[in-house]
Each structure stands twice: as structure tokens, then as C-alpha cells.
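Contents: one structure, followed by commentary.
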């Protein structure tokens, strides 16, 4: 069981990452991170005073390898953000840990979508120097709100706690600003905000990304963490239904022993992927196609670089829901619709 007594709680996983980077206080430093990460991480790194250096991922798993990371290492990077994508562990994690130690790189695991998963009997998030966690809407532990980090070094952990303690407490204003921002970012994705860049939108919204939560919210999360193994088993049982029903017709991201599932992921030929998505949406089945390469969204040095693995993965991925609020009948409806669809 992850020891929640060691978690430093924040308003969201990105708030925790911001505090951790500020606590490290490295100067003139790049952060190595996968290009198919949640886009919100880029402005977090930027506003914490760091530069982003993207690396590619495997086209089949969406996770990276040590070779991908090494290919982007120039010597100026002091922090590595390693994402265990969609609940599946990065299978090079122990080799990456050794390499980081040799290069004096601080290793942060991102387990926002993989909390509860293990690799070689070790919980994801407990292997590196630190990790970030999320307890937001539809996450593995769904509290609608909250995030945090685990930090191995006590002195650094205390500094992170001090920084988070100075954040604003979450209020109704944060909720309202998030609704407003989500509307704007959706318009941007649809090409309706030509005069606004992603950088502009996040610059305006950034202060509302950084907050802490009340003690009451922390206590609610702690109670849910006690049921983490039960939650993980529940999600994995649902994933097994998809895996047993769909394996003949689609490429499935390989299952790794003791992983957890945030979504169940299938890969579909890019020529028909978006048509299948539209078909499912018309039948009121919510599915998604995250995460795309984010270098193209922001004004950064790697904006025009082609990350072939991440591009291929993003062109084929479909993410199917697993979480508790989604009734089992919805899962079987999704399976039935996919099976009926003419590929």
C-alpha cells in the first residue's frame, strides 16, 4: 500500500509538480519529459523557471524507453519527468533510474494515471526520487479535486510542503475560472480562437492552477487511498472484459503484470480511427484519443520537430472508460457497438 502519510498534498498533480520544481531550485536547467504528456505540464515547467526538452515514446505502448531519453540528453537537463502512461509502467524504469543516478538527474515519476500499479513488485511512484499524483475527476482515486507528491529526501519534502502551504486554498473562484478556461481551450482546439495562442491562454489562467486543498479534502482522499488495492482490482477486472472481447479485431497495448488501468486502450488504423470515434459519440459512448504530441501547441524550440512514435500512437489511440461511475452495462454497450462497427 502506498503510504499516504508520506504524501505532500496539493490542489492537483500539476500544483505538486510546480512546488517540487521550485523546491529543487535548479537554475538554467531543462526538464526532460515525454512529448505526449498532458499539455498542462508545459506551462507548469515554464512558470517554475525551467525549459522543456521533449523526448519521444514507443508507437505501440505510448511509453518511453531509455534509448528515447538518451537521444535527447545534452547535459543541460537536471530533471527527468517519467510518465507511466495510462496505468502501464515504463518497463525501462529501473535502468532509467540507474542512468539518472550516473548523470545526476533528479527522477520524477508521473503516476497521475497509474496510481496503484506495480512493476516487479514495487509500486509505481516509489522508484524514483519523487513522484506526482492526481486525485481529480475520473482519476484512479477520484476525489474530483486534489493532487500531491511523494518525495524521498525528507529535507526536500519539507521544502515542498512549505511552498504548497503558501498557495491559495481552493475556492469557488478556482472552480469558475476552470470552467471558463475549459471553454476557451475547447474553442482553441476547434480553431475558433485564432487571436489567442496556447501560451496566452495558459499565461492568463496559470495562477488558478496553483492552489492547495482543505484538510477535509485531504482526509477524504486518505480514506480512499486505503481502498487503493480494491479500486485497482475493480478497474483491472473491467479492463479484462474489454481485453477478452476486443482482442481479435484491434491492436491492444500489451498488458504488463501488476499494472493498473486508468483507461483501456486500443489502437485502430488511423484511416478509420476518427470515424469510429464519431460513431461511438453518436451512440452516446464517451471515448477519447489523448494524448497528442504537445510540442506543436506551444512556442518552444522543438515546435517543428517530428516525434514519430508519439505521432503514430496519437493517430491510432482510442481510450475506453473504466471508472466506477460508468455502469457495467455501459461497458458492454461499448463492446457491442465496437464489434458491430464495419472496419
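Below are the figures for this structure:
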{"quantity": "Residues of the stretch 100-111 satisfying the condition of being within 18 Å of the chain's Cα centre (by Cα) and assigned to a loop (DSSP other than H, G, I, E, B)", "calculated": "111"}
{"quantity": "So residue 163, is it surrounded by 14 or more Cβ atoms within 10 Å (Cβ to Cβ) and in contact with a strand residue (DSSP E or B) (Cβ under 8 Å, 6 or more places away or on another chain)", "calculated": "no"}
{"quantity": "Selection count, the stretch 267-289, where residues are without any contact (Cβ under 8 Å) to a residue 40 or more places away in the chain and either touching a strand residue (DSSP E or B) at 6+ places or on another chain (Cβ under 6 Å) or closer than 21 Å to residue 69 by Cα (or both)", "calculated": "2"}
{"quantity": "Odd one out for residue 96 among (1) assigned to a helix (DSSP H, G or I); (2) closer than 18 Å to residue 11 by Cα", "calculated": "(2)"}
{"quantity": "Inter-residue pairs, beta-carbon under 9 Å, first more than 18 Å from residue 321 (Cα to Cα) and in the stretch 242-258, second assigned to a strand (DSSP E or B), 6+ apart", "calculated": "249/266; 256/119; 257/118; 257/119; 258/118; 258/119"}
{"quantity": "Residues being within 11 Å of the chain's Cα centre (by Cα) and within 16 Å of residue 160 (Cβ to Cβ) - total across the stretch 112-133", "calculated": "2"}
{"quantity": "All positions within the stretch 134-147 that are buried (at least 24 other Cβ atoms within 10 Å of the Cβ) and at positive phi", "calculated": "146"}
{"quantity": "Residue 8 vs. criteria free of Cβ contacts under 8 Å to residues at least 40 places away in the same chain, at negative phi and under 19 Å from the mean Cα position of the chain (by Cα)", "calculated": "no"}
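Every read-out reported here was derived from the displayed coordinates using simple, explicitly stated rules and does not represent laboratory data. These numbers were taken from a predicted model, which means no experiment stands behind them. Virtual Cβ from ideal backbone geometry, glycine too; neighbours counted across all protein chains shown.
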